[in-house]
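Q: Here's a structure for you.
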Amino acid sequence: MTDIEQAAPAEPVLPAWEYAPAPESTEIVRLRETYGLFIGGEFVEPMSGVSFPTISPATEEELAVVAEAGQADVDAAVGAARSAHERHWRDLPGAERAKYLYRIARQIQERAREFAVLESMNGGKPIKESRDVDVPLAAAHFFYYAGWADKLEYAFPHVVPRPVGVAGQIIPWNFPLLMAAWKIAPALAAGNTVVLKPAETTPLTALLLAEVIQQADMPPGVVNVVTGAGATGAALVNAPVDKIAFTGSTEVGKQIQRAIAGTGRRLTLELGGKAANIVFEDAPIDQAVEGVINGIFFNQGHVCCAGSRLLVQEPIFEELLERLKARLGTLRLGDPLDKNTDIGAINSRAQLTKIQELVASGVGEGALMYQPPCELPERGFWFAPTLFTGVSQSHRIAREEIFGPVLSVLTFRTPEEAVEKANNTPFGLSAGVWTEKGSRILWMAERLRAGVVWANTFNRFDPASPFGGYKESGFGREGGLHGLEPYLHLEGRP
Amino acid sequence: MTTDDRLSVRRTAKLFIGGAFPRSESGRSYEVLGPGGAVISHAALASRKDLREAVVAARAAFPGWSGATAYLRGQVLYRVAELMEGRRAQFESELAEAGAVGPARGVSAAIDRWVWYAGWADKIAQVAGGSNAVAGPYFNFSVPEPTGIVGIVAPADQALLGLVSRLAPAIVSGNTAVVLASEPHPSPAVTLAEVLATSDVPAGVVNVLTGRTAELLPWLAGHMDVNGLDLSWCPADLAADVEAVAAENVKRVHRAPDVDPFDARAQSPYEVTAFMETKTVWHPMGA
């Protein structure tokens with residue numbers, strides 16, 4: 001834009017500021033040494049007798065020891081949920097259910113800082129994200145669905161809405177509290193009871209939410225939380241629940257769909273993605289650069305709808321690439337609890353290994369890797385912001401979900417080619433379009449086979465906005481009126 | 001059925017793929033039996049390869065059909081009803097041969113069902129979509145869009161009304177379909193295909209296969225280019241295996257409420273949205 005930038009395009013747009021450390025205090029978080037399972041309104045020791053440590057991925061320090069639920073524990077949780085559903089919750093007037101959900105929303109707001117700090121400690125995400133995105137949205141979700149609890153008759157015309165029953169809900173580690181809210185709030189509003197299984201690496205905010213639910217005087221058994229790894233999730237899938245809601249990888253989603261085949265149980269899946277972020281030559285370039293950076297580096301790229309494939313129209317490829325490289329150099333990687341941090345820790349060693357393996361495949365297949373100078377902390381799990389050019393559509397880094405801070409850059413000439421490339425994937429969760437031309441936005445939005453299309457923005461979420469995938473990114477929607485449907489039987493009025 | 005002395009000209013019942021009426025590439029056919037067990041006709045016995053051809057035809061038809069205006073799709077479905085009315089006698093006689101009680105009522109209900117669903121073409125988006133009040137300076141709206149290719153198992157009985165009750169809601173939104181016709185009573189589906197071929201329904205939007213459900217359905221369920229599966233009438237002994245292979249590409253599996261096809265609850269906009277995806281679009285607002 002300016003002469004200075006054109007003269008020295010590889011230089012950062014801003015001077016390289018030095019930032020003093022600005023760590024958020026962890027004093028507000030009162031960690032227990034051990035956590036039990038939340039079943040029937042109480043924290044109980046697991047019958048399995050097994051527990052596992054949960055750590056901070058930024059320091060590898062143990063934060064607490066958490067129970068690992070076995071089949072008997074899961075069955076007990078499902079039993080508690082069943083009992084709560086049949087004895088109390090399904091018959092409670094919607095207006096009363098609403099008030100419980102409003103209480104939870106308010107308590108999350110009251111304890112927002114505690115939730116945010118704990119989320120960043122346990123998951124490694126930057127505090128500015130957990131503080132400004134995860135926790136406020138989690139509260140908003142409960143507040144939004146609270147209002148539906150006594151208005152279900154107005155949501156779906158000409159049917160009698162009836163709760164499905166007991167929902168088994170399995171959530172991932174990338175937005176631990178927010179995903180818990182996405183799952184629990186609509187289920188409860190619709191009159192179901194739930195058994196939630198948080199991810200193995202990030203159980204702590206779900207357990208804090210359980211404490212909030214307990215303090216809200218929620219009837220025992222309406223919400224149950226069983227911690228553990230894949231085996232606990234499998235136990236929940238095999239338990240006598242009426243509905244499974246899963247957010248996670250496409251591979252596991254398919255396993256679950258197979259596991260419940262022929263049982264008649266309800267299922268919604270929110271799975272992986274490989275979103276195209278498409279920048280046309282007339283795009284507002286400053287916003288596009290920020291949108292592309294946000295699209296892939298938000299939450300270290302641990303986002304199913306991340307804009308992991310950048311499609312740039314050829315005339316602006318060089319310019320956009322230089323700007324992106326410059327912007328990469330200004331991203332601050334480090335302590336998740338530092339308020340200046342842009343890129344926190346990779347969630348786990350296993351995920352780091354997966355990212356490293358896929359990045360190595362990108363180099364091996366002949367793509368050109370760029371990483372800015374970036375000092376990684378000695379302890380913990382870290383990966384520098386990375387972009388690849390010279391990527392072809394057949395490369396693994398253009399096809400597989402990396403779930404890390406790695407951007408693959410491809411180019412296109414015509415809108416038709418952009419659509420073709422964007423849709424050339426088994427996934428279909430999200431897409432981004434950057435252009436000043438309104439008719440082109442709508443033309444693109446219509447043709448992109450993806451559940452969410454962000455035009456001149458990216459990675460926006462709201463409880464009123466339905467979210468979910470096309471194709472192998474899953475089925476069912478979360479958010480909005482659409483998010484109630486998976487939790488209701490809609491029987492036609494005679 | 002002829003009343004004069006001449007020998008009648010019998011129909012060869014064929015498959016309906018991509019707007020054409022081929023025999024099965026396998027060269028096979030099977031006997032269709034009347035209520036008394038006598039052979040009343042033959043039907044093509046579709047193969048796995050025929051099924052793949054049908055999916056290819058359905059995929060080829062999808063961009064045009066889903067991209068057509070809703071008004072046009074509504075008129076095309078209405079046209080199906082118009083032409084069915086002209087073939088009433090044939091449908092009634094085929095249903096009678098299939099042992100249906102009150103075939104005239106079944107034909108009338110099937111025609112009316114096309115008319116009812118035709119009207120949804122340009123209304124479903126207003127019922128199932130809209131703008132969303134997000135907490136920020138964005139215009140945010142959701143629209144329902146067709147899922148893609150839908151595989152449909154027609155009921156063994158209610159060979160016309162049962163089939164139309166599954167097919168019309170699937171295609172009115174812009175999906176294309178591959179139908180496995182009633183195995184014991186395929187004739188009404190074959191005649192419906194002949195109606196569709198002359199009703200301005202673009203070639204490939206509906207493809208009808210006659211044959212063995214147990215032979216074809218697992219391949220339909222496992223096909224990686226089929227996006228949805230209507231198993232409302234899937235034989236119970238096949239359901240678990242079929243659903244398991246459907247998971248390979250995360251197919252949308254749907255079962256309609258178990259109600260009599262003559263019941264008013266057998267037609268519903270939720271049968272249309274069962275094979276639609278919700279797309280949500282965000283755009284910032286600013287001067």
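The values are calculated or read from the model by the stated rules, or taken from the named source; none is laboratory data. A quick note: this is a predicted structure, and the numbers were derived from the prediction, not measured. Positions of Cβ are generated from backbone atoms using ideal geometry, with glycine treated the same way; all protein chains shown enter the neighbour counts.
Q: Starting from residues that are in contact with a His (Cβ under 9 Å, 6 or more places away or on another chain), at pLDDT 95 or above and part of a helix (DSSP H, G or I), keep the ones in the range B:94-144 and report whichever is nearest to the other protein chains (Cβ to nearest Cβ).
A: Among those residues, the one meeting the criterion is B:ALA128.
Q: Here's something else I'd like to know. May I ask you to list the residues in the range B:249-268 that are within 29 Å of A:TRP454 (Cβ to Cβ) and touching a Pro at 6+ places or on another chain (Cβ under 8 Å)?
A: Listed by number, the list holds a single entry, B:ASN249.
Q: Working only within the range A:478-494, note down all residues that are more than 8 Å from every other protein chain (Cβ to nearest Cβ) and either in a strand (DSSP E or B) or surrounded by fewer than 18 Cβ atoms within 10 Å (Cβ to Cβ) (or both).
A: Within the range A:478-494, A:GLU478, A:LEU488, A:HIS489 meet the criteria.
Q: Within the range A:368-402, how many residues turn out to be crowded, with 22+ Cβ neighbours inside 10 Å and within 21 Å of A:VAL312 (Cα to Cα)?
A: 9
Q: Next question. Would you pick out the residues in the range A:450-468 that are within 8 Å of chain B (Cβ to nearest Cβ) and assigned to a loop (DSSP other than H, G, I, E, B)?
A: Hits for the range A:450-468 are A:ALA450, A:GLY451, A:ASN456, A:THR457, A:ARG460, A:ASP462, A:ALA464, A:SER465, A:PRO466, A:GLY468.
Q: Additional query: Quick check on this structure: which one of B:VAL164, B:VAL190, B:VAL150 is under 21 Å from B:GLU243 (Cβ atoms) and either surrounded by fewer than 24 Cβ atoms within 10 Å (Cβ to Cβ) or modelled with pLDDT of 95 or more (or both)?
A: B:VAL150
Q: Out of B:ARG212, B:ARG265, which single residue is modelled with pLDDT under 95 and of a type in the set (Lys, Arg)?
A: B:ARG265
Q: While we're on this one: Would you tally the residues in the range A:243-266 being farther than 27 Å from A:GLU400 by Cα and surrounded by 19 or more Cβ atoms within 10 Å (Cβ to Cβ)?
A: Matching residues across the range A:243-266 total 2.
Q: For the range A:173-267, which helices (runs of 4 or more DSSP H) that fit wholly inside it have 2 or more residues that are closer than 26 Å to A:SER465 by Cβ? Show your work before the answer.
A: Working: elements: A:176-189, A:204-215, A:230-238, A:250-259.
Output list reads A:176-189, A:204-215, A:250-259.
Q: Which one is farthest from A:ALA326 (Cα to Cα), of the residues in the range A:1-25 that are surrounded by fewer than 16 Cβ atoms within 10 Å (Cβ to Cβ) and at pLDDT 65 or above?
A: Taking the candidates together, the pick is A:SER25.
Q: Quick check: anything in the range B:55-74 of a type in the set (D, E, K, R), modelled with pLDDT of 95 or more and surrounded by fewer than 16 Cβ atoms within 10 Å (Cβ to Cβ)?
A: The answer is no; no qualifying residue exists.
Q: Examine the range A:347-360 for a residue that is in contact with a Leu (Cβ under 9 Å, 6 or more places away or on another chain) and of a type outside the set (Asp, Glu), and state whether such a residue exists.
A: no
Q: Based on this model, can you work out whether A:VAL160 counts as of a type in the set (Val, Ile, Thr), in contact (Cβ under 8 Å) with a residue 40 or more places away in the chain and surrounded by 23 or more Cβ atoms within 10 Å (Cβ to Cβ)?
A: no
Q: Could I ask something else about it? Filter the range B:232-244 for residues that are more than 10 Å from chain A (Cβ to nearest Cβ) and within 21 Å of B:ILE171 (Cα to Cα) and give the result.
A: Within the range B:232-244, B:SER232, B:TRP233 qualify.
Q: Another question about this same structure. Which of the residues spanning the range A:147-157 are buried (at least 18 other Cβ atoms within 10 Å of the Cβ) and in contact with a Gly (Cβ under 7 Å, 6 or more places away or on another chain)?
A: A:ALA149, A:LEU152
Q: Looking at the range A:372-402 only, could you name the residues that are assigned to a strand (DSSP E or B) and either polar (S, T, N, Q) or more than 25 Å from the chain's Cα centre (by Cα) (or both)?
A: A:THR386, A:THR389
Q: Pick out, from the range A:48-127, the helices (runs of 4 or more DSSP H) lying fully within it that include 2 or more residues that are more than 22 Å from the chain's Cα centre (by Cα). Full working, then the answer.
A: On the way: elements: A:71-87, A:94-110, A:112-123.
Where helices (runs of 4 or more DSSP H) fall fully within the range A:48-127 and carry at least 2 residues being more than 22 Å from the chain's Cα centre (by Cα), they are A:71-87, A:94-110.
Q: Please identify the pairs in which a residue from the range A:420-434 that is under 17 Å from A:LEU407 (Cβ atoms) has its Cβ atom under 9 Å from the Cβ atom of a residue that is assigned to a helix (DSSP H, G or I) and hydroxyl-bearing (Ser, Thr, Tyr), counting only partners at least 6 apart or on another chain.
A: Listed by first residue and then by second, the contacts come to A:PHE427/A:THR250; A:PHE427/A:SER473; A:LEU429/A:SER473; A:SER430/A:SER473.
Q: OK, next. Given the options A:ALA431, A:ALA445, A:ALA422, name the one that is within 9 Å of chain B (Cβ to nearest Cβ) and small (Gly, Ala, Ser).
A: Within the list A:ALA431, A:ALA445, A:ALA422, the selection yields A:ALA445.
Q: Also, quick follow-up: Exactly one of (1) closer than 30 Å to A:ALA20 by Cβ; (2) outside any loop (DSSP other than H, G, I, E, B) is unmet by A:MET369. Its number?
A: Failing condition for A:MET369: (1).
Q: Right, something else. Which residue pairs have Cβ atoms under 8 Å apart, sit 6 or more places apart or on different chains, and have a first residue in the range A:261-274 that is in the same structural domain as A:GLU478 (by TED's automatic domain parsing) and farther than 22 Å from A:ASN424 by Cβ and a second that is polar (S, T, N, Q) and buried (at least 23 other Cβ atoms within 10 Å of the Cβ)?
A: Between residues of the range A:261-274 that are in the same structural domain as A:GLU478 (by TED's automatic domain parsing) and farther than 22 Å from A:ASN424 by Cβ and residues that are polar (S, T, N, Q) and buried (at least 23 other Cβ atoms within 10 Å of the Cβ), the close pairs are A:LEU267/A:GLN257.
Q: Oh, and also: Whether any residue in the range A:173-188 is surrounded by fewer than 24 Cβ atoms within 10 Å (Cβ to Cβ), farther than 23 Å from A:PHE43 by Cβ, at pLDDT 95 or above and in contact with a Gly (Cβ under 9 Å, 6 or more places away or on another chain) is what I want to check.
A: The answer is no; no qualifying residue exists.
Q: If I filter the range B:247-287 down to residues being of a type in the set (A, V, I, L, M, F, W, C) and within 8 Å of another protein chain (Cβ to nearest Cβ), which single residue comes out as nearest to B:GLY136 (Cα to Cα)?
A: Within the range B:247-287, the subset of a type in the set (A, V, I, L, M, F, W, C) is B:247, B:250, B:253, B:256, B:259, B:262, B:264, B:266, B:272, B:274-276, B:281-282, B:285, B:287.
Filter once more, so that each one left must be within 8 Å of another protein chain (Cβ to nearest Cβ): B:247, B:250, B:259, B:264, B:281-282.
Values: B:ALA247: 37, B:VAL250: 33, B:VAL259: 44, B:ALA264: 42, B:VAL281: 14, B:TRP282: 11 Å.
Ranking the qualifying residues of the range B:247-287, first place goes to B:TRP282.
Residue-wise test of (1) β-branched (Val, Ile, Thr); (2) more than 24 Å from B:GLY162 (Cα to Cα).
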| site | (1), (2) |
| --- | --- |
| B:GLY64 | no, yes |
| B:GLY67 | no, yes |
| B:LEU95 | no, no |
| B:ILE111 | yes, no |
| B:TRP114 | no, no |
| B:VAL134 | yes, yes |
